[in-house]
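Structure, as structure tokens:
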Amino acid sequence: ALLPKGSLLETLLEQLGRVLAQLHSLAGRLSVERGAPPRQTWHAPPDVLHEFRQGMESSFGGREGAEASHAPQRSQHLRTCAERLVRYLPHSVPFEQRVLLLRSWLQEKHEAARNLPPVRIVIRRTHIFEDGLDQLVNADWRARFQVVFVNAHGRTEQGQDVGGLFKEFWEKLAETAFNPDYALFRTTESRLLYPNPEAAKYHAQTDVLFAFLGLVIGKAIYEGIVVEPCFAPFFVAKLLGRHNSYYDLQTLDPSLFTNLERLKHYDGDVSDLCCSFVANAADGSEVPLLPNGQNIAVTNENRFRYIYLLSDYKLNVELKSGCAAFMSGFNRLLEDKWLRMFGEDELQQIISGSSGGSVDVDDLQRNTQYSNCGPRDKIALDFFKAVSAMRPEHRIALLRFVTSCSRTPLLGFSHLVPPFTLHKVHIRSDNEKLPTASTCFNTLKLPTYSGWKVMKKKLEFVVEQGAGFDLD
């Protein structure tokens, strides 16, 4: 049989991709207990994935890329097939491989911008958001940012920024700007963030502020930094260029969704419920969903139209301004093709790292490097025993103390750059020195305490103080 070629093939692949994407999205709403298929169900056969890896390596270099240079037609064929796979059937490729592909694309962008002069910014710790906005709103965001902190007493802090101070600033900037108390973002019942439709009541130039926040998240992805904000799925879908529909309403307003479900399945006369074609806006006012909607009753015949219009208003119309401004900043550094190969939950992982907010001690131990000691030395064994005995919040605080970031790296500690490093510092007594950190190099400088319990107390003390370089 003849296989379709050219534009017909592309059209068929696009339609097939859309159908499978919808199935994947529907399956993603199911829990394992409700019959959700395991993730590998969607993966392509091993031989296809092997060719995918060859195609990507021929595009970005590596062993197969070098070999492919001797067979340009084969190399071009592999690249074309790999690009089609992530364009039309992205979920057939394991998440980890798609993340590595994203990083390869971003690395190309970094190489193209490496000659740009760095942007130096001076940030008061008491005015993280204000100073960041003021100094970066007109900056070239492709450039490397060099951060100098000024403490609460007005003194410039020690430390040369080769990456660690920027990571610390970016995490604190995101933590401040996306705090619901700042009123630019709201939270759902599940405490997930989305743009506040009433932001203009509290801030002037909200378009500028939302665009800036979009740049903050875009820059985090661009630099490979994970940050704290966790967004509602319907909002993440917008970042992926997808239009929200009725079933997405349950991630914004579960109560409203439940009421609309009851209306949809109501057996009696719907007109008895005295509903009309209006929506209650965020400020409490009534907004007609149709011209003269306040005088149009919802009936058995038109209830589905009412349900569609109301969910569209809440998900798309009411949030249009804030979402559009945010996306204008978010897309300034990132291309659509990079992100559309991910689902909503996957993009959230790229933004904020592994879910759960915990530190995998075994993964950390497997990927720790050592300076002035080895993995079997007493100090290393005591360290991991101490960390294992810590409460989760202390482990997270320790991670921030050493790396300037409280989120575990996407895909685990093997992808932390520079790697987590334990440096042994000789002492004569337990009271001689406290642990210190070089966040630029993700290095913990750990004294040789007499036992793991003493070490645990010393570590918990310094991470609670959070004084950083001043402790050195």
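The values are calculated or read from the model by the stated rules, or taken from the named source; none is laboratory data. This one's a predicted model, so the numbers in the text were calculated from it and none came from an experiment. Ideal geometry is used to build each Cβ from the backbone, glycine not excepted, and the neighbour counts take in all protein chains shown. Each accessible area value is taken on the protein alone, full model and side chains, heavy atoms only, with ligands, DNA and RNA left out. Shrake-Rupley method; radii C 1.70, N 1.55, O 1.52, S 1.80 Å.
Only residues that are of a type outside the set (Phe, Trp, Tyr) and assigned to a strand (DSSP E or B) were counted across the range 173-218, and they come to 4. With respect to the conditions (1) of a type in the set (Phe, Trp, Tyr); (2) at pLDDT 95 or above; (3) surrounded by 19 or more Cβ atoms within 10 Å (Cβ to Cβ), Phe401 lacks only one, and its number is (2).
Within the range 325-377, restricting attention to residues that are of a type in the set (S, T, N, Q) and in a loop (DSSP other than H, G, I, E, B), the residue that is nearest to Leu215 (Cα to Cα) is Asn331. Identify all residues within the range 407-434 that are more than 24 Å from Val147 (Cα to Cα), surrounded by 16 or more Cβ atoms within 10 Å (Cβ to Cβ) and touching a Pro at 6+ places or on another chain (Cβ under 7 Å); write none if there are none. Within the range 407-434, Val425, Lys433 meet the criteria.
The single condition from (1) crowded, with 21+ Cβ neighbours inside 10 Å; (2) within 26 Å of His415 (Cβ to Cβ) that Glu228 fails is (1).
On the stretch given as the range 315-343, residues that are open to solvent by less than 50 Å² (accessible area, probe 1.4 Å) and farther than 17 Å from Phe178 by Cα total 10. Counting just the residues of the range 240-268 that are open to solvent by less than 10 Å² (accessible area, probe 1.4 Å) and under 20 Å from the mean Cα position of the chain (by Cα), which one comes out modelled with the highest pLDDT? For the range 240-268, the residue satisfying everything is Leu240.
Residue-level analysis places Asn316 outside the set of residues that are closer than 28 Å to Glu335 by Cα and part of a loop (DSSP other than H, G, I, E, B). Please state which of the following conditions Glu189 fails to meet, knowing it meets all the rest: (1) over 18 Å from the mean Cα position of the chain (by Cα); (2) open to solvent by 50 Å² or more (accessible area, probe 1.4 Å); (3) under 24 Å from Asp131 (Cα atoms). Of everything listed in (1) over 18 Å from the mean Cα position of the chain (by Cα); (2) open to solvent by 50 Å² or more (accessible area, probe 1.4 Å); (3) under 24 Å from Asp131 (Cα atoms), Glu189 misses just condition (3).
Residue count for the range 278-299 under the criterion of being free of Cβ contacts under 8 Å to residues at least 40 places away in the same chain and in a loop (DSSP other than H, G, I, E, B): the result is 9.
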